[in-house]
Amino acid sequence: MKIATFNINSIGARIELFSNWLKETNPDVVLLQEIKTEYNSFPFFEIQALGYEAKVLGQKIYNGVAVLSRHKIKTISEGIPGFDDDNSRYLETEVELDKQTYRIASIYLPNGNPPANQPDDKTKLDYKLRWMEAFYRHLQKLLLLHQPVIIGGDFNVILTPDDVYNPEAFRNNALFLPEVRRRLNSILHLGYYDAFRTLHPHENGYTYWDYGGGAFQNDWGMRIDYFLLSPQATDCLLACEVDKSIRGQNKPSDHTPLVIELKRSAHEEN
């Protein structure tokens, strides 16, 4: 089973690029972030023509998440349960494949940085921290499920100095603040596994490069897109790779897909 996560930075602007990528890579499930469109404007026809059913939590101009699946899928939660949020940042689904049910969520964690003209405004950072606390509580409950749990998306967190090309330049950035990193680490301490680091402890694994300044060409990037897996899902993990192919094409997203592959679980093999 192949699952990808991709901050597409507007599906309307990149539907042709994305469609070509789907045809070439043929993942079973795709988690999208920053689709930047309302539900009624989502390109359902194009996605369905490629063999996918889409579950969408849209928002005009900003945010928006989706889960695409070649297999039976149903929506479990739009938004983090119990957390009041006007922004479309969390979509949880169940996907059934070969009699195994997977709990799969697409997330777009808040950035947290202040507006450029209000550097002392902590409102967005406070929102990010509250969002992460609610996320922690919900993921704690998901571990009680008797099924593999897969959380993928744009976390907007640089977890360690090894996850960014120049740590000092991001010392005061909300993606790298100690309180933000502690909250993501607390989720890992619950028992979730960082899929990429589990298989690649020393590679940079960058998934984002700024558009300007030759960032992609010089690999001045950061690792802010993750798959977090429950122990049941981690036991089935075969591969986790960054697919840079789409990033080098014309008018790409500033992110690139992260792709995991899972083997058949013991439940399926019996």
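The values are calculated or read from the model by the stated rules, or taken from the named source; none is laboratory data. These figures come from a predicted structure and were not determined experimentally. Don't worry about glycine lacking a Cβ; one is built from the backbone with ideal geometry, like all the others, and counts go over all protein chains shown.
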Report task. Name, by its number, the condition in (1) of a type in the set (Asp, Glu); (2) closer than 23 Å to Leu238 by Cβ; (3) within 16 Å of the chain's Cα centre (by Cα) that does not hold for Asp154. Result -> (2)
Query raised in the report: Residues Lys141, Lys122, Lys72: which one is modelled with pLDDT of 95 or more, in contact with a strand residue (DSSP E or B) (Cβ under 7 Å, 6 or more places away or on another chain) and surrounded by fewer than 15 Cβ atoms within 10 Å (Cβ to Cβ)?
Result: Lys72
Query - Members of segment 186-195 found to be in a helix (DSSP H, G or I) and either polar (S, T, N, Q) or under 10 Å from Leu228 (Cβ atoms) (or both), listed by number - result: Ser186, Ile187, Leu188, Leu190, Ala195
Query raised in the report: Residue check, Lys36 against (1) on the phi > 0 side of the Ramachandran plot; (2) under 16 Å from the mean Cα position of the chain (by Cα); (3) surrounded by fewer than 17 Cβ atoms within 10 Å (Cβ to Cβ), all met but one. Which one?
Result: (3)
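Which members of segment 1-55 meet the condition of being in a helix (DSSP H, G or I), among the hydrophobic types (A, V, I, L, M, F, W, C) and more than 23 Å from Asp210 (Cα to Cα)? Explain how you work it out, then say what you get.
Step one: list which residues in segment 1-55 are in a helix (DSSP H, G or I), which gives 11-25, 39-41, 44-49.
Subset that is among the hydrophobic types (A, V, I, L, M, F, W, C): 11, 13, 15, 17-18, 21-22, 44-45, 47, 49.
Matches in segment 1-55: Leu22, Phe44, Phe45, Ile47, Ala49.
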Requested in this report: Scan segment 212-224 residue by residue and report those that are of a type outside the set (Val, Ile, Thr), surrounded by 12 or more Cβ atoms within 10 Å (Cβ to Cβ) and assigned to a loop (DSSP other than H, G, I, E, B).
Outcome: Asp219, Trp220, Arg223
**Report entry** Residue list for segment 190-203, restricted to those being surrounded by fewer than 16 Cβ atoms within 10 Å (Cβ to Cβ) and either in contact with a strand residue (DSSP E or B) (Cβ under 9 Å, 6 or more places away or on another chain) or closer than 14 Å to Pro257 by Cβ (or both)
**Finding:** Thr198, His200, Glu203
Query - Candidates Tyr127, Tyr102 - the one that is within 24 Å of Thr75 (Cα to Cα) and of a type in the set (Phe, Trp, Tyr) - result: Tyr102
Query - Tabulated pairs, segment 65-92, first within 19 Å of Glu38 (Cα to Cα), second in a loop (DSSP other than H, G, I, E, B) and of a type in the set (D, E, K, R), C-beta under 6 angstrom, 6+ apart or interchain - result: Gly79/Asp85
Report task. Scan segment 25-49 residue by residue and report those that are free of Cβ contacts under 8 Å to residues at least 24 places away in the same chain and over 26 Å from Phe155 (Cβ atoms). Result -> Asn40, Phe44, Phe45, Gln48, Ala49
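Go through Gly64, Gly58, Gly51 for me and flag whichever is surrounded by 17 or more Cβ atoms within 10 Å (Cβ to Cβ), at pLDDT 95 or above and out of contact with any strand residue (DSSP E or B) (no Cβ under 7 Å at 6 or more places or on another chain).
Gly58
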**Report entry** Residues satisfying the stated conditions in segment 147-185, i.e. in a loop (DSSP other than H, G, I, E, B) and free of Cβ contacts under 8 Å to residues at least 12 places away in the same chain
**Finding:** Arg171, Asn172
